[in-house]
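Q: Pasting in a structure now, in structure tokens, and then I'll have a few things to ask.
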Amino acid sequence: ILLALAIVILLLCIACVSVLLIKHHKKLDRFNKAKQAYLDEKYEDAKPLLRECLKDQYNDEEVNTMLAKIAENEEEWPVAVWYWQRATKLNPFKPEYFEYYLNALKMTRDFKVIAEALELKASQNDLTQEQYLLLAFSQYSQEGASKAQETFEKVTDEDVKKSELGEIVSFILATDAS
């Protein structure tokens, strides 16, 4: 009886492992199909597959970035914002994700969220000169000139000040002061 019970338990274990391997293989196959469709720029085929992949693995950085890039390509900026923000949280060691996130936010013209994101990053002393400039512009559009002027003074790079946005911020702050 013990031998029969041991054999039944062993067979059940083998069956469970087989089911898990089959499920894993299906997930991997779906991911590979999604990635290939993405690489072939067949975004309409890739999107549903990638979303299914997210159901299996919500914290998959690569899937989130692929969906963000698809959203950008389709000019679905709020969707791109969501996926880039997710990717930024999943891997804060890739500053390019934050840049993509800011770019998508700029396309939505949500200067309040841009200011919040940049102010948080500024509190960590982690802003580039270009980001200080964007923060000053965002602050101006939300709160007016005083805080924007204070932030703009942190932009010390002359090339950044001479950029298109730099010229705009400089002009609006000078106009507002007079």
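The values are calculated or read from the model by the stated rules, or taken from the named source; none is laboratory data. Source: prediction; values computed, not measured. Heads up, the Cβs are rebuilt from the backbone with ideal geometry, glycines too, and the neighbour counts pull from every protein chain shown. Note: areas computed on protein heavy atoms with side chains; ligands, DNA, RNA excluded. Shrake-Rupley method; radii C 1.70, N 1.55, O 1.52, S 1.80 Å.
Q: Please give the per residue accessible area of region 1-120, computed with a probe of 1.4 Å over protein heavy atoms only, in Å².
A: About 66 Å² of surface per residue is accessible.
Q: Can I ask one more? Using only C-alpha atoms and all pairs of different ones, pull out the Kirkwood radius for region 91-138 in Å with one decimal.
A: After inverting the pairwise mean of 1/r, the radius is 10.7 Å.
Q: How much accessible surface area, in Å² rounded to 10, belongs to the heavy atoms of residue 141 with a 1.4 Å probe?
A: Roll a 1.4 Å probe over it and residue 141 shows about 60 Å².
Q: Check cross-link reach from residue 94 to the aspartates and glutamates: straight Cα distance under 20 Å, and skip same-chain residues fewer than eight apart.
A: By straight Cα distance, residue 94 reaches 60, 61, 62, 72, 116, 119, 126, 130.
Q: Which of the GluC sites (Glu not before Pro) across region 62-108 are loop residues per DSSP, with 14 or fewer other Cβ within 10 Å?
A: Of the GluC sites (Glu not before Pro), the ones in loops of region 62-108 whose Cβ has at most 14 other Cβ atoms within 10 Å are 74, 75.
Q: While we're here: Which helices count as membrane-span-like in the chain under these terms: full DSSP H, at least 30 Å along the axis by C-alpha, Kyte-Doolittle mean of 0.0 or more?
A: For the chain, where a helix must reach 30 Å along its axis and average at least 0.0, the hits are 2-39.
Q: Return the ratio Rg/(2.2 N^0.38 Å) for region 1-70, where Rg is computed over Cα atoms only.
A: 1.64
Q: If a/c stays under 1.5 just call it rounded; otherwise compare a/b with b/c (prolate if a/b is bigger, oblate if not). Do that for region 54-115, with a ≥ b ≥ c from the square roots of the Cα gyration tensor eigenvalues.
A: Judged from the Cα gyration tensor, region 54-115 comes out oblate (a/c at least 1.5, b/c at or above a/b).
Q: Can you give the Kirkwood hydrodynamic radius for the chain, in Å, rounded to one decimal and based on Cα pairs?
A: About 19.4 Å, per the Kirkwood formula over Cα pairs.
Q: Identify the GluC sites (Glu not before Pro) of region 114-178 meeting these criteria: DSSP loop state and at most 15 other C-beta atoms within 10 Å of the C-beta.
A: 153
Q: Right, next: With no solvent and one equal point scatterer per Cα, compute the Debye intensity ratio I(q)/I(0) for region 82-178 at 0.11, 0.13, 0.15, 0.25 Å⁻¹ and report its log10, rounded to two decimals.
A: -0.31, -0.43, -0.57, -1.38
Q: Which value in deg cm²/dmol, rounded to the nearest 500, describes the helix-derived mean residue ellipticity at 222 nm for the chain, given -39,500 (n - 2.57) per DSSP H run of n ≥ 4 and division by the residue count?
A: -26500 deg cm²/dmol
Q: Tell me the carbon and sulfur percent of the accessible area for region 1-144, rounded to whole percent, probe radius 1.4 Å.
A: That share works out to 59 percent.
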